[in-house]
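The values are calculated or read from the model by the stated rules, or taken from the named source; none is laboratory data. A quick note: this is a predicted structure, and the numbers were derived from the prediction, not measured. Cβ atoms come from the backbone with ideal geometry, glycine included; neighbour counts cover every protein chain shown. Heads up: the accessible areas ignore ligands, DNA and RNA and are worked out on the full protein's heavy atoms, side chains in. Shrake-Rupley method; radii C 1.70, N 1.55, O 1.52, S 1.80 Å.
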Amino acid sequence: MSFGQDFASTLTAARRGDRRALTDLYRAFQPRILRYLLTQEPKDGEDLASEVWLDIAAGLTRFEGTESDLLCWIFTIARRRLIDHRRARTRRRTDPVSVETLALPSQEFDPTSSLEYGEALSCLGLLPPEWAEIVLLRVVGGLDSAEVAAITGRKAGTVRVIQKRALEQLAELLSSDREKAVTR
Amino acid sequence: MSLWRDFECEMQRLPLDIDTADRLLAGQVLPADAPPGYEAVASLLNGLRAHEEERVRRHENTVPELMKGGRSPLLETKSTSRRSTLHRFKLAGAAVTCALACTTGLAFAGSLPGAAQDVASSMLSKVGVTVPGPNEKAGTHPNVRGSSSPDVAVSGRAEENDEAAAENGKGAEISDLATTTELTGVEKGAAISTLASGGKSQAGQQGEATADHSAATDGAATADEASGGHSTAGADNAAAGQTHRP
């Protein structure tokens, strides 16, 4: 979803607290943020996304720029939140599970989609972490290579080369899996 | 060039160029249109892209409301003020703890000033802790506060008091002598001085005539010795009532 020429007015209205403008921003960006965070942290992705939106709300009045700039800014926040979360988890070294979670399985559980999604994620997990992050930002975040370069602090050419190698490696992994399935 | 190499090449995927990779990642290439060997990659990327749509829609109405509530700069101010208040409470707690620890330590050592030591002693005794009172180290003397060697101090002071008492008795004796003696003049002074100095004084003794030689006789004798007995100096002149002039 792109705002096009409406972006400036939407941003101005969102800064004033207009509900419709905020909903539009949320609809435009939340799917990408949530997908990006859920692929990295399946358990805490939603909480992290909420924290990202609170950060956005706190800083939206100070933001100046285009729609692409806003997307880069939002994903920079999401990325930093993710890094902070991982650091905190390393310090805490516990993985608490609530009793309610243990009692009942989630109603959203869909074995078919989970299998496909899980397979995709496991394939991405076999890539080097920097490569996987770039692929996720491109695919899940919907960012172009220049925006990914700005977020990750690399050159755009480097990002393009990395994503090409990542796709080649993914193709190799998937074909080897298929060969294994055929020989069985 | 060999046949088995040609066969191997047929099994390999076509190399992926950078632009095609870019389009695949952007979702512009359908799996059916993907280069040979990359169909599975294209479908995998599409699967990632389509996932979690439902989850996103579920929160569509709640999060903008939350954002609207937290959008104002109050959000930042609130969190900062909460943090600073918490920080202030922590500092105050630490200061109170330090002060209590220091006061209790000083109370245990008995080093607090008298009134404070008294208060600390009574307060701590209520919670079952015994600390010395304000006059704990004073010994038998109520005015003497604690010191590192109270016995030495007390004995030193006793000796000083004894000496002072002895001095007072001697003064009375001297005073009695001065008022009751029948001696007068030099003799009275000598007696008092002797008593006061414990017999060491020689006051009054210089008042007695101890020299047998007068100046005149000394001079006459000397002149006789010098002249071999011919000198008449001194006695003759004195007898004639003349004065000698050079």
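Among the residues of segment A:116-134, just one is surrounded by fewer than 23 Cβ atoms within 10 Å (Cβ to Cβ) and within 17 Å of B:I18 (Cβ to Cβ), namely A:W131.
Entry remark, segment A:1-45: residues being open to solvent by less than 60 Å² (accessible area, probe 1.4 Å), in a loop (DSSP other than H, G, I, E, B) and at the interface with another protein chain (Cβ under 9 Å from one of its Cβ atoms) number 1 in total.
Does segment A:59-74 include one or more residues that are within 22 Å of A:F3 (Cα to Cα) and under 11 Å from the mean Cα position of the chain (by Cα)?
The first filter runs over segment A:59-74 and keeps only residues within 22 Å of A:F3 (Cα to Cα), leaving A:59-74.
Applying the additional criterion that residues be under 11 Å from the mean Cα position of the chain (by Cα) yields A:74.
Checking segment A:59-74: at least one residue is within 22 Å of A:F3 (Cα to Cα) and under 11 Å from the mean Cα position of the chain (by Cα).
Say whether the condition of being under 27 Å from A:A58 (Cβ atoms) and at pLDDT below 60 is met by at least one residue in segment B:6-23. For segment B:6-23, residues under 27 Å from A:A58 (Cβ atoms) and at pLDDT below 60: absent.
Looking only at segment A:153-175, residues that are open to solvent by 10 Å² or more (accessible area, probe 1.4 Å), more than 7 Å from every other protein chain (Cβ to nearest Cβ) and in contact (Cβ under 8 Å) with a residue 24 or more places away in the chain come to 4 in all. Quick check on segment A:48-67. Is at least one of its residues open to solvent by 10 Å² or more (accessible area, probe 1.4 Å), away from chain B (no Cβ under 12 Å) and in a helix (DSSP H, G or I)? Looking through segment A:48-67, at least one residue is open to solvent by 10 Å² or more (accessible area, probe 1.4 Å), away from chain B (no Cβ under 12 Å) and in a helix (DSSP H, G or I).
Per-residue answers, yes or no, for (1) modelled with pLDDT of 60 or more; (2) polar (S, T, N, Q):
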| residue | (1), (2) |
| --- | --- |
| B:G70 | no, no |
| B:P73 | no, no |
| B:A94 | yes, no |
| B:C98 | yes, no |
| B:T104 | yes, yes |
| B:Q117 | yes, yes |
| B:S121 | yes, yes |
| B:G128 | yes, no |
| B:P132 | yes, no |
